[in-house]
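K.L.:
Please read through the structure below; I'll follow up with questions.
No lab work stands behind these numbers, since they all come straight from the coordinates. Computed from a predicted structure; not experimentally measured. Here the Cβ positions follow ideal geometry from the backbone for every residue, glycine too, while neighbour counts run over all protein chains shown.
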Amino acid sequence: MNTCHVVAAGENSPALLPQREEGDLIIAADGGLSFLRDNGVEPDLFVGDGDSLGFLPDDLPAVILPTVKDDTDTQAALRAGLERGYRSFILYGALGGRRISHALSNVQNLSFLAENGAKGVILDEGARLELLDAGETVFEQEGGYFSLFALFGDARVAIRGARYEGAQIRLTPASSLGVSNEPRGKTRVTLLSGTVLLVREP
């Protein structure tokens, strides 16, 4: 499946540049353009109003947004990817930065993608965030932690291959029960009900 890479203006690392494969799309969400070009990557599309970039580029295809709008630049970039037929997304520069509100908004963007039949992952130098798919999710991770957060209401999961395991674990938005579990080789998390955010911190 082809991937749409969306690079926002939060904290970015040269170690996490988009790896383009044939058929992929790279979108610079406003200030993400500076990071990409500083590291030798030319995006296929610019989406934004120029506020964090400081200017509007005129040398690549662009979706220019008004300064007064309902979507963030990143969500508008995701919409552009969806309109072009992409259903697999990786977000970079979606965390950190000066405003935590944008980081929280980008976590919500994972739900936005899911509601539109797409799968999104947020990649950061220290973390990988994604919504669990229905059924079993399997991952291998050496060391570090993984955490599970219930979104939008109670959820239930089963966990195997971890320090803390269980067949019917109830998670709620008001509890920190799912934080800082430790993987043990091949870890299996089964989503039984609800919506759960998986955060992996290698």
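K.L.:
Once phi is turned into θ = phi - 60°, what whole-Hz ³J(HN,Hα) does the Karplus curve with 6.51, -1.76 and 1.60 give for every residue of region 191-202, x standing for Gly and Pro?
P.N.:
Coupling constants for region 191-202: 7, 8, 6, x, 10, 10, 8, 9, 10, 9, 10, x Hz.
K.L.:
Counting only residues 5 or more places away or on other chains, whose amide H sits under 5 Å from the amide H of Leu151 once H atoms are built in the peptide plane?
P.N.:
Sorted by chain and number, the residues that satisfy this are Thr195, Val196, Leu197.
K.L.:
Would you mind telling me which residue in Val179, Val121, Val107 has the biggest mean-square fluctuation in a Gaussian network model of the chain, where springs connect alpha carbons within a distance under 10 angstrom?
P.N.:
Highest fluctuation among the options: Val179.
K.L.:
Another question about this same structure. Along the positive direction of the dipole of the chain (beta-carbon charges: Lys, Arg +1; Asp, Glu -1; about the Cα centre), which of Ala158, Gly135, Gly194 reaches farthest?
P.N.:
Ala158
K.L.:
Sticking with this one: Which of the trypsin sites (Lys or Arg not before Pro) across region 25-124 are loop residues per DSSP, with 16 or fewer other Cβ within 10 Å?
P.N.:
Listed in order of number, the matching sites are Lys69, Arg84, Arg87, Arg98, Arg99.
K.L.:
Quick one: which residues, 5 or more positions from Leu45 or on another chain, have an amide H under 5 Å from its amide H? H modelled 1.01 Å from N in the peptide plane, none for Pro or chain starts.
P.N.:
When sequence neighbours closer than 5 places are left aside, the close amide H contacts are Ile26, Ala28.
K.L.:
Whole-Hz Karplus ³J(HN,Hα) for region 46-60, in order, using 6.51 cos²θ - 1.76 cosθ + 1.60 and θ = phi - 60°, x for Gly and Pro?
P.N.:
With the stated coefficients, region 46-60 comes to 10, 10, x, 10, x, 5, 8, 7, x, 6, 10, x, 10, 10, 7 Hz.
K.L.:
Over the Cα atoms, compute the radius of gyration (one decimal) and Dmax (the largest Cα-Cα distance, rounded to a whole number) for region 132-201, in Å.
P.N.:
10.7, 31
K.L.:
Also: About its Cα centre, how strong a charge dipole does region 4-125 have in debye, to the nearest 20, once Lys and Arg get +1 and Asp and Glu get -1 at the Cβ?
P.N.:
Details: 9 positive and 19 negative charges, 63 e Å.
So the dipole magnitude of region 4-125 works out to roughly 300 debye.
K.L.:
Taking θ as phi - 60°, what are the ³J(HN,Hα) couplings along region 15-20 by the Karplus curve (6.51, -1.76, 1.60), each to the nearest whole Hz, with x for Gly and Pro?
P.N.:
6, 10, 6, x, 9, 6
K.L.:
Could you check which residue among Gly81, Gly97, Gly40 shows the biggest mean-square fluctuation in a GNM of the chain with a 10 Å Cα cutoff?
P.N.:
Comparing Gly81, Gly97, Gly40 in the GNM, the peak value goes to Gly40.
K.L.:
Could you tell me which trypsin sites (Lys or Arg not before Pro) in region 121-202 are loop residues by DSSP with no more than 14 other beta carbons within 10 angstrom of their beta carbon?
P.N.:
Working: sites: Arg128, Arg156, Arg160, Arg163, Arg170, Arg184, Lys186, Arg188, Arg200; in loops: Arg163.
Filter output for region 121-202: Arg163.
K.L.:
Continuing with this model, one more query. Would you please name the chymotrypsin sites (Phe, Trp or Tyr not before Pro) within region 34-114 that are DSSP coil residues with at most 16 other C-beta atoms within 10 Å of their C-beta?
P.N.:
Listed in order of number, the matching sites are Phe55.
K.L.:
So what is log10(I(q)/I(0)) for region 27-107 at q = 0.21, 0.22 1/Å, when the Debye sum runs over its Cα atoms only?
P.N.:
So the normalised log intensities are -1.04, -1.14.
K.L.:
As a test of the definition: which semi-axes, in Å, follow for the chain when you take the square root of five times each eigenvalue of its alpha carbon gyration tensor? Largest first, please.
P.N.:
32, 17, 15
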